[in-house]
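The values are calculated or read from the model by the stated rules, or taken from the named source; none is laboratory data. The model shown is predicted, which means the values in this text are computed figures rather than measured ones. Here Cβ is always computed from backbone atoms with ideal geometry, including for glycine, and neighbour counts include all displayed protein chains.
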Amino acid sequence: MRLIDSVHLVGSGRLGFGLTDDCDSHVYAVDGGGEIALIDAGGGRATGRIIEHLVMDGLDPARVRSIVLTHAHGDHAAGVSSMRAALAEIAGTPPRVIASRDCAPWIEQGDESAVSLIQARAAGVYPADFVFPACPVDRAVFGGDRIGVGDLTLRAVETPGHARGHLSFLMATASRVCLFAGDALFFGGRVALQNIWDCSPTESAASIERLHALEWDAFFPGHLSFSVRDGHRHADAAMEAIRRLGMPPPLIPA
């Protein structure tokens, strides 16, 4: 599904548009001309369907050179191992996997405790047979680091709060400045705070303030709807609550 000139939605689950598997976050494809990057990899149960959506949008999977992860929760990152293997079979060489410095060791070890998958399975967020296979990480990035995608560049922004090591990414195209927000901020100014070890309301608020201070207009979060223009209004809405010493409304009401 082409969203703007260089951005396609190729995966989405039950908290989105049902394109692939219920356990998938949004998976975006960024087409930089000479190469493509995937933003997140989904949960790993519909890797083939994500690749099919690339093909349906006229994107050659052999041009996918990078898989860039916003954070290490299962719906965003458990699919990175199967995606890396499937794309390596198509292209003859695996794409590079890129994650934050905090998340990289958990992904490499398939550490289901560190990524709160054990707790999430017990809570019924994922089915009992959902697993997180280990996967090599080729590059661990920091806030401010830049990732080339052909003619385009992703700039990492540290946005913890929903999870330790969470990154968002800014990217300028010919027509827009895009924010890939992962689970740091959602449509309508909502947030996702959970009772897990690395979730912090104060860090979430600070991350929203950081995003609010930046200039961007196209808004591509990890779930729910998105905005191809005027997307900064969602950060404006979240900031209204934060200025009153409150928190933005939850992604899923209790």
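Results, tabulated for the structure shown:
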| quantity | calculated |
| --- | --- |
| Candidate set from the range 70-100 (those that are under 15 Å from the mean Cα position of the chain (by Cα) and in a helix (DSSP H, G or I)); member that is nearest to ARG121 (Cα to Cα) | GLY74 |
| Tabulated pairs, the range 231-254, first closer than 24 Å to GLY16 by Cβ, second in a helix (DSSP H, G or I) and among the hydroxyl-bearing types (Ser, Thr, Tyr), C-beta under 9 angstrom, 6+ apart or interchain | MET247/SER204; PRO248/SER204 |
| Set ALA241, ALA237, ALA254: member being of a type in the set (A, V, I, L, M), at pLDDT below 95 and either over 22 Å from LEU9 (Cα atoms) or over 19 Å from the mean Cα position of the chain (by Cα) (or both) | ALA254 |
| Residues of the range 204-228 that turn out to be assigned to a helix (DSSP H, G or I), out of contact with any helix residue (DSSP H, G or I) (no Cβ under 6 Å at 6 or more places or on another chain) and surrounded by fewer than 19 Cβ atoms within 10 Å (Cβ to Cβ), as a count | 3 |
| Contacts under 8 angstrom Cβ, first residue in the range 28-39 being at pLDDT below 95, partner of a type in the set (Lys, Arg) and not in a strand (DSSP E or B), 6 or more apart | GLY34/ARG63 |
| Options ARG139, ARG176, ARG146, ARG155; residue that is basic (Lys, Arg), under 20 Å from CYS103 (Cα atoms) and surrounded by 15 or more Cβ atoms within 10 Å (Cβ to Cβ) | ARG155 |
| Answer residue from the range 229-251, given it is surrounded by 13 or more Cβ atoms within 10 Å (Cβ to Cβ) and among the hydrophobic types (A, V, I, L, M, F, W, C) and is nearest to VAL177 (Cα to Cα) among those | ALA235 |
| Flag for ILE67 being crowded, with 24+ Cβ neighbours inside 10 Å and either among the hydrophobic types (A, V, I, L, M, F, W, C) or not in a loop (DSSP other than H, G, I, E, B) (or both) | yes |
| Tally of residues being among the hydrophobic types (A, V, I, L, M, F, W, C) and touching a His at 6+ places or on another chain (Cβ under 8 Å) across the range 173-204 | 8 |
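Yes/no matrix, rows are residues, columns are (1) touching a residue at least 40 places away in the same chain (Cβ under 8 Å); (2) in contact with a Gly (Cβ under 7 Å, 6 or more places away or on another chain):
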{"position": "THR70", "(1), (2)": "yes, yes"}
{"position": "HIS76", "(1), (2)": "yes, yes"}
{"position": "THR93", "(1), (2)": "no, no"}
{"position": "ILE98", "(1), (2)": "yes, no"}
{"position": "ASP102", "(1), (2)": "yes, yes"}
{"position": "GLU108", "(1), (2)": "no, no"}
{"position": "VAL115", "(1), (2)": "yes, yes"}
{"position": "ILE118", "(1), (2)": "no, no"}
